[in-house]
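Working notes for the structure below.
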Amino acid sequence: MTTLEQSLHKHDLGHLRIVAQLWGVDLRAGERSTAREELSEKLLNSSLITEVIEALHPKTRSALDALIQNQGRIPWASFTRQFGELRKIGAAKRDREKSYLNPLSAAETLFYRALLARAFFDTPSGAIEFAHIPDDLFAIISPPKQDTQNLILGRPARPEERQQIMFANDFILDDLTTFLAALRLGWEDTSPLNTSLRFVRDLGLAAHLITSEGIQKDSVKSHLETDRNNALDQLIQIWQKSETFNELHQVPTIICEGEWVNPILDTRKAIFDFLKEIPRDKWWSLNAFITDIKKEYPDFQRKAGDYDAWFIRSSKDPKGFTYDKVESESLQEKPSSQKDTQTKPFGSQVDLRGFEHWDEVEGALIRYFIVGILFWLGYVDLASTEEDGEIKAFRVRKKVESGKPKGGKIVVASNGKITISRFAKRVARYQISRFCEWEVSKNPDEFRYQITPSSLGRAKEQGLKVSHLLALLKKQANDEIPPSLGKALRRWAVNGTEARVESLVVLRLSKPEDLRALRESKAGRFLGEVLSPTRVVVKDGASSKIMSALIEMGIFMEERKV
C-alpha cells in the first residue's frame, strides 16, 4: 500500500508548501518530516477533496477520471502519452518561476496537488512505473463502480460493408493434412494453401505433430484418424493454451526482430475479452472495432505502455516495395515465438517504434487475429464491400464447428488420375498423395492427383510398395479400381517403366556411306542408336563435335528444330 504521506516522502519542504497552498490549507510545520504528516492529515478530508476536484479544469478532471476508472493506476508511459509530461525543474527554478501556477499539462496540475504520484509496482511482467493516486486518498475519492465487462466496442456493420460474404470454414484441417504429407515427401513447396504456411506450421508445432526432429508419425496418425469436428476442437484448444504460437510474429505486414518477448497468452485473452460482448451472429464493423480498442484499451499487449522496447519493422519500405519474409522451412528452426524472421536485403524498412505506429502493429495484429486466425479456425464469418476487397465486417458465430461432409468421395480414373473430396478421410488422402504427383484443383472442395512412374519411384525410395497403394485404393475408393490401371500398377511393380517418351537429336545424312564413314571416324563415339541407313541419334551436347567432323569430311550440317 502506498499512502499519501509515503508519496510525499521524496519531496522537499518547498514542494509540500506548494501543495498546501493549492489546497488552501495552512502548513505550520517547519521540518519536512513533520510537514508531511501534517499535510497528509489535512488533505485526507472528504469535503476538501471534493472541493479541490470540482475546481479542476475539465482536461485535468479527465486525467483524474482515467486514473479512477483504472483503479487508481496507469502505466506512467501510457498516462503521460495521453495527459502530458512532467517538466524536470529544480527547486530553485520552480520557486523562482512559480511553474506550478502555470502547469503545461494535466499531469503537472495533478502532480502539484498531490493527486498524482509516480512509483514502481510489481506486475506479472516485472516492475513497471505507474502514475497512481495514493491508496488512502483514492479510498476517500470513492470511485463509482465501472461496468467495464459490458463495454461493447465498435458498432454494427452497415449494409454496404457486408455485400460480399465469406463463411467460416475448416480448411485448416485440409491444409494441415497437405502440409504433413509434403513434409513426409521431403518437399518445401506445399502448393497453394487456403490459410497460411506460417500459421499451419506453427499450429503443427504447437500440436506436437512436428518437432525439431521431424514429423511425429504416431501423433500425425492419431490426428488424421480423428473426425473433423473433434479434430478442429482439439486444434482450437491447443492454440488457445499454447505459449509458443505467436500471433504477432505471424502478421504479414510486420517483421519482428530481437530478443524481446511479447505476452502471448495475455494478448490472446485480451482480444477474446474484447470480442466477448459483441452480439453473436450479428455483422460488426471491423475498422470501428479496432478504432475503439485503440481509444479505450490501447496498451492491451503492452502493459507498461512502452512502445519503444520492441524492435518491429514494416515489411514495406518507404517507396512501397514489399519485402518477402525469408523463413526456413526446416524443422530445425525454433518455434515462431523464439524465432527471428530475417528479410531480403533491399532498401531500408520503416522502424515501427512509438505509439504513432499503433495502427501498423496493434491494429494489424487485431485485424490478422480476426481476418486470419479466427476465420481459419471457424470462429467468424467475414464480409467486404466488393469481391476480393478489403475485409470490412465480421460476424462472431454462435458455435464453432467443422463443415458438414458432402460425400467424401475418392474417385480413381483408368488414366491414373485420382480425385479426393476434402471430406474424405484425411488419413486416406495423406497416404494416397505420397504415391502421386500433385495437381492444382480449381474446386476448393477436392484434391487432384496423378499416378506417374516418377511418383511411384519416389514412393518406392521411401519404402512404399505398389501393393500398399492398391490396397489403399481398394479400401478407400468409392468404386472398384479400373482393371487397366490395376494391371499397369502390377506390371510396373515387376518390370518398372516399360514405355518412355524421349526428346532426341537425330542426324540425317543423304548417303548411307557418309554415315558409315562418320561412325568409323573419331567422332563416332558421339553417336548413339542407328535408326536407319541414313539416320542416327546424336548424344546430348555433341552436335558441335559432329558438325566439326562432317566439315572435315566436306559436308556442311544444318540444325533444325522440329
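The values are calculated or read from the model by the stated rules, or taken from the named source; none is laboratory data. Computed from a predicted model, the values in this text were never measured in an experiment. Cβ placement follows ideal geometry from the backbone for every residue including glycine, while neighbour counts extend to all protein chains displayed.
If the requirement is being surrounded by 18 or more Cβ atoms within 10 Å (Cβ to Cβ), of a type in the set (S, T, N, Q) and not assigned by TED's automatic domain parsing to the domain that holds Val200, which of these qualifies: Ser421, Ser384?
Numbers: Ser384 fails: not assigned by TED's automatic domain parsing to the domain that holds Val200.
Every option except Ser421 fails the conditions.
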_Any residue at all in region 492-502 that's in a helix (DSSP H, G or I) and farther than 30 Å from Ser433 by Cβ?_
no
*Mind checking whether some residue in region 266-279 is charged (D, E, K, R), over 20 Å from the mean Cα position of the chain (by Cα) and closer than 30 Å to Ile74 by Cβ?*
yes
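What helices (runs of 4 or more DSSP H) lie completely within region 198-270 and have 2 or more residues being of a type in the set (Asp, Glu)? Can you show your working first?
Working: elements: 217-225, 228-241, 247-250.
Ranges flagged: 217-225.
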*Is there any pair with a first residue in region 372-390 that is closer than 13 Å to Val400 by Cα and a second that is surrounded by 18 or more Cβ atoms within 10 Å (Cβ to Cβ) and among the hydroxyl-bearing types (Ser, Thr, Tyr) whose Cβ atoms are under 6 Å apart and which are 6 or more apart or on different chains, and what are they?*
Trp376/Thr195
*Determine whether region 470-488 contains at least one residue that is among the β-branched types (Val, Ile, Thr), assigned by TED's automatic domain parsing to the domain that holds Ile418 and either part of a strand (DSSP E or B) or touching a helix residue (DSSP H, G or I) at 6+ places or on another chain (Cβ under 6 Å) (or both).*
yes
*Filter region 102-131 for residues that are under 22 Å from Ile53 (Cβ atoms), free of Cβ contacts under 8 Å to residues at least 60 places away in the same chain and either assigned to a strand (DSSP E or B) or not small (Gly, Ala, Ser) (or both) and give the result.*
Asn102, Pro103, Leu104, Glu108, Thr109, Leu110, Phe111, Leu116, Arg118, Phe130
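Residue check: is Leu464 farther than 30 Å from Ser543 by Cβ and either touching a strand residue (DSSP E or B) at 6+ places or on another chain (Cβ under 7 Å) or surrounded by 12 or more Cβ atoms within 10 Å (Cβ to Cβ) (or both)? So that I can check it myself, show each step before the final result.
Details: farther than 30 Å from Ser543 by Cβ: yes; either touching a strand residue (DSSP E or B) at 6+ places or on another chain (Cβ under 7 Å) or surrounded by 12 or more Cβ atoms within 10 Å (Cβ to Cβ) (or both): yes.
Yes.
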_For the list (1) assigned to a helix (DSSP H, G or I); (2) closer than 30 Å to Gly305 by Cβ, I need the number of the one condition that Thr2 fails._
(1)
*Please find, within region 424-445, the residue that is nearest to Ala493 (Cα to Cα) out of those that are touching a Ser or Thr at 6+ places or on another chain (Cβ under 7 Å) and surrounded by fewer than 17 Cβ atoms within 10 Å (Cβ to Cβ).*
Glu437
*Residues that are free of Cβ contacts under 8 Å to residues at least 12 places away in the same chain and over 20 Å from Arg422 (Cα atoms), drawn from region 223-240*: Gln237
*Would you please name the residue that is farthest from Lys561 (Cα to Cα), looking only at residues in region 503-542 that are of a type in the set (Asp, Glu) and loosely packed, with under 14 Cβ neighbours inside 10 Å?*
Glu520
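Restricting attention to region 102-122, which residues are exposed (fewer than 13 other Cβ atoms within 10 Å of the Cβ) and among the polar types (S, T, N, Q)?
Asn102
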*Among residues belonging to region 53-101 that are crowded, with 17+ Cβ neighbours inside 10 Å and either part of a loop (DSSP other than H, G, I, E, B) or of a type in the set (Gly, Ala, Ser) (or both), point out the one that is modelled with the lowest pLDDT.*
Asn70
*asked:* Condition first: surrounded by 15 or more Cβ atoms within 10 Å (Cβ to Cβ) and among the small types (Gly, Ala, Ser). Now tell me which residues in region 446-461 satisfy that.
replied: Ser455, Ala459
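Does region 33-52 contain at least one residue that is touching a Ser or Thr at 6+ places or on another chain (Cβ under 6 Å) and modelled with pLDDT of 90 or more? If you could, list the steps in order and put the result at the bottom.
Applying the first criterion (touching a Ser or Thr at 6+ places or on another chain (Cβ under 6 Å)) to region 33-52 yields none.
For region 33-52, residues touching a Ser or Thr at 6+ places or on another chain (Cβ under 6 Å) and modelled with pLDDT of 90 or more: absent.
Okay, residues lined up against (1) farther than 23 Å from Gln6 by Cβ; (2) among the acidic types (Asp, Glu):
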| site | (1), (2) |
| --- | --- |
| Glu41 | no, yes |
| Gln69 | yes, no |
| Thr80 | no, no |
| Leu86 | no, no |
| Glu97 | yes, yes |
*Taking region 355-381 as the region of interest, how many residues are hydroxyl-bearing (Ser, Thr, Tyr) and either surrounded by fewer than 18 Cβ atoms within 10 Å (Cβ to Cβ) or touching an Asp or Glu at 6+ places or on another chain (Cβ under 8 Å) (or both)?*
1
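Just give me the residues in region 154-170 being surrounded by fewer than 19 Cβ atoms within 10 Å (Cβ to Cβ) and either over 10 Å from Arg395 (Cβ atoms) or over 24 Å from the mean Cα position of the chain (by Cα) (or both), in sequence order. Reasoning before the result, please.
Of region 154-170, the ones surrounded by fewer than 19 Cβ atoms within 10 Å (Cβ to Cβ) are 155-156, 158-160, 163-167.
Within region 154-170, Arg155, Pro156, Arg158, Pro159, Glu160, Gln163, Gln164, Met166 meet the criteria.
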*asked:* Considering only region 484-504, I want to know if a residue exists there that is farther than 28 Å from Thr419 by Cα and in contact (Cβ under 8 Å) with a residue 24 or more places away in the chain.
replied: yes
*Out of region 271-302, which residues are of a type in the set (Gly, Ala, Ser) and in a helix (DSSP H, G or I)?*
Ala288
*Provide a single number: the residues in region 179-211 that are hydroxyl-bearing (Ser, Thr, Tyr) and within 22 Å of Gln237 (Cα to Cα).*
3
*Tell me, please, whether a residue that is in contact (Cβ under 8 Å) with a residue 60 or more places away in the chain and touching a Phe, Trp or Tyr at 6+ places or on another chain (Cβ under 6 Å) can be found in region 444-455.*
no
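I'd like the full set of residues that are of a type in the set (Ser, Thr, Tyr) and within 60 Å of the chain's Cα centre (by Cα), limited to region 527-562. I'd like the intermediate steps shown before the answer.
So the first thing to find is which residues in region 527-562 are of a type in the set (Ser, Thr, Tyr), and the list is 532, 534, 543-544, 548.
Ser543, Ser544, listed by residue number.
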*Read through the list (1) over 20 Å from Ala168 (Cβ atoms); (2) without any contact (Cβ under 8 Å) to a residue 40 or more places away in the chain; (3) of a type in the set (A, V, I, L, M), then give the number of the only condition that Ile255 fails.*
(2)
*Please indicate, with yes or no, whether at least one residue in region 108-128 is at pLDDT 90 or above, more than 18 Å from Val19 (Cβ to Cβ) and hydrophobic (A, V, I, L, M, F, W, C).*
no
_Looking only at region 132-153, and only at residues there that are modelled with pLDDT of 90 or more and in a loop (DSSP other than H, G, I, E, B), the one that is surrounded by the fewest Cβ atoms within 10 Å (Cβ to Cβ)_ = Leu153
